[in-house]
Structure formats: C-alpha cells, structure tokens
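The values are calculated or read from the model by the stated rules, or taken from the named source; none is laboratory data. Computed from a predicted structure; not experimentally measured. Quick reminder, even Gly has a Cβ in these numbers, built from the backbone with ideal geometry, and neighbours come from all protein chains shown. SASA here: full protein model, heavy atoms, side chains in, ligands and nucleic acids out. Shrake-Rupley method; radii C 1.70, N 1.55, O 1.52, S 1.80 Å.
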Amino acid sequence: MPSYRKSAQVDMTHGSVLGRAALFALPICAGNILQLLYSTVDTLVIGNFCDTTALASVATSSQPLEILLCVFVGIGSGISILVSQAVGRADHDQLQKLVRTSVWLLFAASLPLTVIGFLLGPWMLRLMQVPADAFDYAVLYLRITALGTLGNLGYNMNAGILRGLGDSRSTLLLLLISCLTNIVLDVAFVAVLGMGVAGAALETTIALYLSWLASILYARRNYEGLQFPLLPHGCDKAQLAAILKVGVPLGLNNSLYSVGHVAVQAVYNMQGSVFVAGCSIAGRVTGIAGIAITSFSSAAVVFAGQNLGAGNYRRLQRGVVQITCAAGVVTLLIGLVATVFCRPLLGLFSSDPAVLDAAVRYTWWVLPFIWTYAVFNCMMSFVNGTGAVKYTTVVNLLILWAVRIPAAYILHALGYGTSSMACVSLSYAVGLVAMLGYFLTPEWGKLRRKAKELGDAVTAETEPTL
C-alpha cells in the first residue's frame, strides 16, 4: 500500500460508478451545506444589523477580487486534475513534485495579487457602477478581504490537491472549521461589536488563513508520503510546465468569466441598491441547488482524471452518462421545491417588500432552469478531468460573452432591467447544447475508439455510452 493512500480516499477506478461518485460527493455536499449555512448566517446578520446599502456593498465588492484570483484558482483546478491522473497511474514521484511545485507557485502569486487587489479594487468597483450609497462600504470590504489572498489561494489549492487524491472528507472537515469560525466571528464582530461591513470582511479574512493552515496540518498528518511543505521548497520545471499547460486555460477562462459576471452585475447595479440587495438574498435560495451541482461536478473531475490515468476508457464513458444524469435529476427536484417555497425562505433575510419582490422575481427566473446548468457543468467537469480544457473554455466564453451579457444589456435597454436575470437561464440552456456537441468531436471519438480497442481495466458492464 503506497504511503500516500488512506482510507479517506475514494478509488474511482473500480466498483459502482454512481456508488463511488456518491461516496466522494456526499462529503462535498455536506461541506456545501456548511458553506450555504455560513453565507446564510452572514446575510442574516448583515441584513438585520446593517442597512440595505451595506448588504448591497458586500454583494458586489467581492467580484473585483475574484477576477484577480480566478487565474490562480483555475491553475489550482489544473493541479487537482494532474493529481487525480497521477493517482490513476499510481505515480507517487509525480505527486510529490506536484505538491512542492504547487506551494512554490502559491507564494509566487499571492503577494502581487494582494497588492493589485488593494490598489486597483476601487477603480474596478467604479467600472462596475456600484451604487454611490454603497461605494465606500464596498471599497472597505474589498481591501480588507484582499489581505486574505494568501489564505484564500492556499486553502483552495490544498483542497484541490486533496480532492485530486480522492479525499473529499477533508473538504468537509476544513469547511467545518472555516464555517464555524466565520459564524462565530460574524456574530461577534457585526452583531455584538457593531463593526458593520469592516467586521464582516475581517472575519472572512481570519477564517481563510485558519482554513489554509488547517489544510496543511491535515495533509501533513494524513499524507506523510507527499512531504507537504508550509513554505516553498523548490520548483520542478517539468511539473510547473504541466500545471500551466492545463491550469492557465482554466484560469483565463475563470477570469474572463468573472469579468463577464462583473459586466452583468453592472446591469443589476443600474437598477439600484434595493434590486442588488434582492438579487443578493435570492442567491442564498438558488445556492441550495448549487449544493448538488458542485458535489457532482467535483466527483466528475476526479472520476475522469483517475480513470483516464488508469486507462479505463469504457468506464469513463459510462461515468459521464450516469453522473451527469444524476446531477440533472437531483438539481431539478431541489430547484422546483425551492422555487415553490421561495417567498417564506427569502422573508428570513429581509422584511423590505421591494427587496423581497426583486428576490422572488430573480428566483422564479433562474431556479426552475438551473438543472440545465447542473447537466452542462457536470459534462464540462468530465471533459476538464481528461485534460481537454480548450473546448470547455470556448463554451464558457460563448455562453457568457455571446449570450448572457448581450441579453442582460438588451433587456435593460428595452426597459426590462429588473428582469435582466433571465439572461442567466438563457445562458444555461445554450451551454447545455454546446457541451452536448463535445461528444461529436474527434477528441471524444479517440476515447471511444480506445474503449473499443482496450476495454476497461475492470469487468465491462452493459451500460449506454455517448
């Protein structure tokens, strides 16, 4: 038994496809519930102990920093993919080199991103047309959270490495630590001490660093063979090149996607603080469906990476059908239930009738159609897990820049700005159609031929394939 393999790891290359995927996804699902709990408490605290402008400022101020961090977060996703493929090949030497190189890359990127976020954040908020009454709060929140860049990137990178190893239980443990810290400090700083937006930003920053340090302790305790360092200890050029080859397209994709979100947010901002606040609390309800989406998509990436590394091509084909369909069905059911009961749920966050009207409108435009996002995002995760990131990059850019953004501005120009969230559902539907097109490409055809020539490393089951 290799020194890095632990009972917490899920081997996706053998056994029931859905059973293994569920075993991996359930801890992530529980972690997403914790995150939703924290974001819900955060919104409840700010909504009840601060004014509407504070709620609107927190909703908008995180996006400029996300744009800057998205490139590195995408690189972290590339590291996770390479880790899962190395696990499938049982290449322990590559795993050690990937970990060391990842830590070096983390420190090389964090300081410049912190400085850029701190200095350029206000300019980006002006570009987003943040409402004037919320602008000062937004700048304050952004600058404080920018100081947590190292903790933010470090935690996300380490969590990605652990998921790539097949260990999703660690995500639950680390999120439990983060969420409990967030909730306790949120209540203490905002509700008790009355620190307002500054308190909300400070507790977020503290929780990020605590989560990062906890992830390092967990990795050192449970995966001694990886020799997980706290500080940089060298960089393997070959692994760095491999990380950048897979991660940079994902990172640029994420960054351009975040820029697009800012462009859409600018349309929301044009409707005023009340509308922005409504969209913010509606996101807490639509986030319920996101629990299943993130869980299935994370399982899809690791499933694809491990089975590609092990050469289980027929199992790879079965997995994309079964896991994607499961994601769509579960998300559809959650979305319909949450839509029916959205008004009483939204009423927990605000008693302002205008804010609630905007939130209900957002929920009805988005949530019933979110199953299409679950399906295409799960497909996209499978494709990314195989390392074929170019197609998914094009699809993401298409649905955002050719569909969502133009639709939002057209609706605003026609006088339907308060229904501009309809652009989100439209982009989901286009994304689903575009990802179905991948299974007609030569890249997928090569995998199908390999499945026919080589078969699975395990007994083939008679399941439908694309």
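Any idea which of Leu180, Leu119 is more than 27 Å from Ile243 (Cα to Cα), within 21 Å of the chain's Cα centre (by Cα), open to solvent by 40 Å² or more (accessible area, probe 1.4 Å) and not aromatic (Phe, Trp, Tyr)? Working first, answer last.
On the way: Leu119 fails: within 21 Å of the chain's Cα centre (by Cα).
Within the list Leu180, Leu119, the selection yields Leu180.
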Selection within the stretch 333-348 - touching a helix residue (DSSP H, G or I) at 6+ places or on another chain (Cβ under 7 Å) and either in a helix (DSSP H, G or I) or modelled with pLDDT of 85 or more (or both) | Ile334, Gly335, Leu336, Ala338, Thr339, Cys342, Arg343, Leu345, Leu346
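So that you can scan it fast, the table gives a plain yes or no per residue for (1) modelled with pLDDT of 85 or more; (2) open to solvent by 20 Å² or more (accessible area, probe 1.4 Å):
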site	(1), (2)
Ala292	no, no
Ala304	yes, no
Gly319	yes, no
Ile323	yes, no
Ala327	yes, no
Thr331	yes, no
Leu356	yes, yes
Tyr362	yes, yes
In the stretch 130-142, is there at least one residue being among the small types (Gly, Ala, Ser), buried (at least 23 other Cβ atoms within 10 Å of the Cβ) and either without any contact (Cβ under 8 Å) to a residue 24 or more places away in the chain or on the phi < 0 side of the Ramachandran plot (or both)?
-> yes
Across (1) buried (at least 19 other Cβ atoms within 10 Å of the Cβ); (2) β-branched (Val, Ile, Thr); (3) out of contact with any Cys (no Cβ under 7 Å at 6 or more places or on another chain), Val285 clears everything bar (3)
Taking the stated definitions as given, is Gly225 open to solvent by less than 40 Å² (accessible area, probe 1.4 Å), in contact (Cβ under 8 Å) with a residue 12 or more places away in the chain and under 20 Å from the mean Cα position of the chain (by Cα)?
-> no
Any chance the stretch 392-414 includes a residue that's free of Cβ contacts under 8 Å to residues at least 40 places away in the same chain, open to solvent by less than 50 Å² (accessible area, probe 1.4 Å) and closer than 22 Å to Phe303 by Cβ?
-> no
Go through the stretch 148-177 and give me each residue that's over 26 Å from Ala108 (Cβ atoms) and either in a helix (DSSP H, G or I) or open to solvent by 10 Å² or more (accessible area, probe 1.4 Å) (or both).
-> Arg169, Leu172, Leu173, Leu175, Leu176, Ile177
Show the residue pairs that are 6+ apart or on different chains and have beta-carbon atoms under 7 Å apart, the first residue being within the stretch 110-129 and farther than 17 Å from Phe72 by Cβ, the second being at pLDDT 80 or above and β-branched (Val, Ile, Thr).
-> Pro122/Val139; Leu125/Val139
Residue list for the stretch 359-377, filter: touching a Cys at 6+ places or on another chain (Cβ under 9 Å) and within 30 Å of Leu316 (Cβ to Cβ) = Val375
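Condition test on Gly74, is it among the small types (Gly, Ala, Ser) and either surrounded by fewer than 17 Cβ atoms within 10 Å (Cβ to Cβ) or modelled with pLDDT of 65 or more (or both)?
Working: among the small types (Gly, Ala, Ser): yes; either surrounded by fewer than 17 Cβ atoms within 10 Å (Cβ to Cβ) or modelled with pLDDT of 65 or more (or both): yes.
Considered against the rule, which asks whether it is among the small types (Gly, Ala, Ser) and either surrounded by fewer than 17 Cβ atoms within 10 Å (Cβ to Cβ) or modelled with pLDDT of 65 or more (or both), Gly74 comes out as yes.
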Can you name every residue in the stretch 378-437 that is over 20 Å from Asn253 (Cα atoms), aliphatic (A, V, I, L, M) and not in a helix (DSSP H, G or I)?
-> Leu414, Met421
